[in-house]
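The next block holds one structure in the form of structure tokens; read it before the comments.
Derivation of every value follows stated rules applied to the coordinates shown; laboratory data play no part. Predicted, not measured: the structure shown is a model, and the values here were computed from it. We place every Cβ from the backbone using ideal geometry, glycine too, and count neighbours over all the protein chains shown.
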């Protein structure tokens, strides 16, 4: 890629795909060469962002253009297969979460990236909020002492609007796969990925405990994760919860030297406040405005433009997926 901008293809140009596409292209470090989506309307909107990009009808046709990278925003059941196909053709990958429906699928993608020596990342976007970055810095600097408890929530007053989300074969799971993945990732990432010693989960659908034979996905979930060193992580997530607002999102970390927490403001999906706690006092670490949504995607594009190959940090994606498997009892 010396002397030219990386050539990218965008596979899936719905709302999230176009949002990440805009963030990636904004810096001018890469070139949009191809776009693909089953919806002509979505393609038209993506073409407005990249008028010179070719419209193609498949990943095969996209990869035939000898791309440097592919941005994947397709249904979850396709992520692992499409990522591996791109990597084996020499293209770096930025994929929407989850990377795979199971840890086995995620592990296969990471192995393909390692073999190909290609940059792989997943859109675990809440890591990129200014608030979570500051909380991670505070904890890494020892300001909270030993972090012994972590509480995380992601409740959504709505649910996905596409049918495949509700088919466990296509989605791999419900609100845990959709929202809980962010919570598990934040807990492990902020604490620098300690060993997970135990996981338990309880899943509900329509207010009833979900059984494997029900053939449904969960719309409410509770989980407890025990980490080496005795840290206890508790998380709850849901779709269509009557929470009195659009969303309740939070990540709280409590240590022997104080606490820190990220909270969404006024039910927003986008506005977050991070605070540091000392007894009954609090200090603001970060607050809106913060344009964080496309930050992870733009960072991947910048690293690709700088010539980055496989990053061993991608192996952490498998650790997150293994925790999800254990929540589901797999």
Next item on the list: Specify the angular offset, from 0 to 90 degrees and rounded to the nearest 10, of the alpha carbon long axis of helix 295-305 from the longest principal axis of the alpha carbons in the chain.
Entry: 40
Next item on the list: May I ask for the equivalent-ellipsoid semi-axes of segment 130-291, computed as the square root of five times each C-alpha gyration tensor eigenvalue and listed largest first in whole Å?
Entry: 29, 19, 12
Next item on the list: Report the calculated FRET efficiency for residue 214 and residue 4 (r = Cβ-Cβ distance, R0 = 51 Å), to the nearest 0.05.
Entry: 0.45
Next item on the list: Within segment 52-81, which residues have the backbone N less than 14 Å from the label spot 7 Å out from residue 31 along Cα→beta-carbon, could you tell me?
Entry: 52-54, 65-69
Next item on the list: Multiply the residue gap between residue 330 and residue 245 by 0.36 nm, knock off their C-alpha separation, and tell me the result in nm, one decimal place.
Entry: 27.3 nm
Item checked: Estimated [θ] at 222 nm from DSSP helical runs (n ≥ 4, -39500 (n - 2.57)) normalised by residues in the chain, nearest 500 -> -9000 deg cm²/dmol
Notebook entry, point to check: Taking a label point 7 Å from the Cα of residue 308 along the Cα→Cβ vector, which residues of segment 116-145 have an amide N closer than 19 Å to it?
Noted result: 116-134, 136-137
Margin query: Based only on Cα atoms, what mean projected area does the convex hull of segment 162-249 have, in nm²?
Written below: 6.6
